[in-house]
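Taking it in order: structure first as structure tokens, then the write-up.
We did not get these values from a lab; they are worked out from the coordinates using the rules stated. Just so we're clear, the structure is a prediction, and the values are computed from it rather than from any experiment. For neighbour counting, all protein chains shown are included, and Cβ atoms are generated from backbone atoms with ideal geometry for every residue, glycine included.
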């Protein structure tokens, strides 16, 4: 809306589209709840009090709050295309997200970023992006692309690019890698914040990381860590995803003196959590249940991320702000009943409204390039001791686990009795034939194998199983789907989800994806897994920037040493 028209609407010289009366307005500036009326014209809030309006809606004392903002999310982790992701979160009150297309960029490079930008146009909510800073995250894996500072620079001019995304390569910052520093400098020049990703970083290394210009972190798992980062000047994003759940542990951090530097984010959520729990709304409710002041919880979901990312037209119920509005009945249990996006009724009672159009799908090329006949999973036994990855349930960090080697015919094999299973990562972008091989503890499979083309961050094919034959059958199933997730037993498929968009996403509805994932989870339980979501756990075992031990197509990675290490000791 043109500025002059906004002024006329605020003066009451132009008839409002809607006048909401008898509302309890959540004032995110003062922290108060104020009774009043709100006028909306042309998708923006005009003012408070009586206004001439085409339509009057009596809220009868219900609460009105700004639309929620997810400060950091990977849409690809929902395994849904952008349109279906929107249709799953908008009814829960999320009217804006800051999405990091890091996953698809690691597969398709600049074409992946372009795909996400195009797919997010004309959606019934606002999708902003932070530019992937680490493609690839390290040189200890093979990604589908490499994005330099020069490659990213043209994207900085896009108004929907609002930040440089999580700088996972903290050694690159500390040791002053020139391309890493150029990415940070370009972002600062374009007045866009630089998001961090520095689990466990402390002391002088943390200070150096922040001094480079990095201003947020979403990887804190303990209050002490978050306090140190907060005191050193960082904004803290508290994450509650599917694999990593940090909300409960970090709630004691929040107080009336520091809450304005803290935001909510989901990072990675699978369909069963989006459908079963919701989105940012679920974090607000959970925080309130644990004792956080409801208005504070809402401020952390609205004005805080809006201010941090420079979205000054969002985040508040105030004149000149976009009319992204939520209506609910109980401030102590804020279940979103109605959602307005840009002043248009978008959803009601957790259902997107009829008439909300779906943008046409954007085509994307196949991304599976595994060399035929190249899959050799055998591991000659070099020693009687080996270093295995130990999973920590509901966390993406892992531990080192020194254990004995089970040997058959001179080969190191899975030891089901001790829950030591073979794991492998198969390069799928270049057809190089690279295969990283190792062992993992924590899946508890008694039969079969599971495999996935979702393997953060380079998204090669990752597989775990009781023997080579089962593992090969699972990998073969993934390749035949042009990417996806598969579970096999006796080399027969017992669960599968096709993800033809870069091996990461489906064009099906979130509900359909969830049904297939439920079958996969049932299959994993049938195979013996005791993890709540073994596929999410599997997907993070290839992430070489999260401690302690991970595996890529190049081998076993000691994250502390930031180097490839031998499997056998």
**Report entry** Hull shadow area, averaged, the range 214-319 [alpha-carbon convex hull, nm²]
**Finding:** 7.0
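For the range 385-565, compute the orientation-averaged projected area of the C-alpha convex hull (one quarter of its surface), in nm². Mind showing how you got there, number by number?
On the way: hull surface 38.8 nm².
That works out to 9.7 nm².
Which order do peptides 94-104, 398-408, 11-21 fall in by mean Cβ count within 10 Å, highest first?
Numbers: 94-104: 26.5, 398-408: 16.1, 11-21: 18.5.
Ranking, from highest mean packing down: 94-104, 11-21, 398-408.
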Requested in this report: Please give the peptides 440-446, 469-475, 251-257 ranked by average Cβ packing (other Cβ atoms within 10 Å per residue), highest first, as a rough proxy for protection.
Outcome: 469-475, 440-446, 251-257
Report task. Principal axes first, then extents: for the Cα atoms of the range 67-315, list largest minus smallest coordinate on each axis, whole Å, largest first. Result -> 46, 43, 34
Report summary line: Using the Kirkwood formula on alpha carbons, the hydrodynamic radius of the range 88-218 in angstrom works out to 15.2
Query raised in the report: For the modelled label position 7 Å from the Cα of residue 248 along Cα-to-Cβ, which residues of the range 432-446 have backbone nitrogen atoms closer than 14 Å?
Result: none
Query raised in the report: In a Debye calculation with equal point scatterers on the alpha-carbon sites of the range 3-61 and no solvent, what is log10 I(q)/I(0) at q = 0.17, 0.27, 0.28 Å⁻¹?
Result: -0.52, -1.04, -1.08
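Highest mean first, what order results for 562-568, 527-533, 315-321 on Cβ atoms within 10 Å?
Numbers: 562-568: 15.0, 527-533: 18.3, 315-321: 20.9.
Descending mean neighbour count gives 315-321, 527-533, 562-568.
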Report summary line: Only helices counted: for the chain, with every DSSP H run of 4 or more residues adding -39500 (n - 2.57) and the sum spread over all residues, [θ] at 222 nm is -7000 deg cm²/dmol
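Give the calculated FRET efficiency between residue 348 and residue 223 to the nearest 0.05, with a Förster radius of 41 Å applied to their Cβ-Cβ distance. Present the calculation step by step, with values, prior to reporting the outcome.
Values: r = 38 Å, r/R0 = 0.93.
After rounding to 0.05, the efficiency reads 0.60.
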Requested in this report: Would you mind computing, in nm to one decimal, how far apart the modelled labels at residue 512 and residue 110 are, each placed 7 Å from Cα along Cα→Cβ?
Outcome: 3.3
Report task. Could you tell me which label, among [x] 0.99; [y] 2.16; [z] 2.45, carries the value of Cα Rg over 2.2 N^0.38 Å calculated for this structure? Result -> [x]
Query raised in the report: To the nearest 10 degrees, how steep is helix 280-289 against the longest Cα principal axis of the chain, on a 0 to 90 scale?
Result: 80
**Report entry** Within the range 98-124, backbone nitrogen closer than 17 Å to the virtual label 7 Å beyond the Cα of residue 357 toward Cβ
**Finding:** 118-124
Requested in this report: Treat each spin label as a single point 7 Å out from the Cα along the C-beta direction, and report the residue 383 to residue 563 distance in nm.
Outcome: 1.4
Query raised in the report: For residue 2 and residue 275, what does the FRET efficiency come to when R0 = 30 Å and r is the distance between their Cβ atoms, rounded to the nearest 0.05?
Result: 0.15
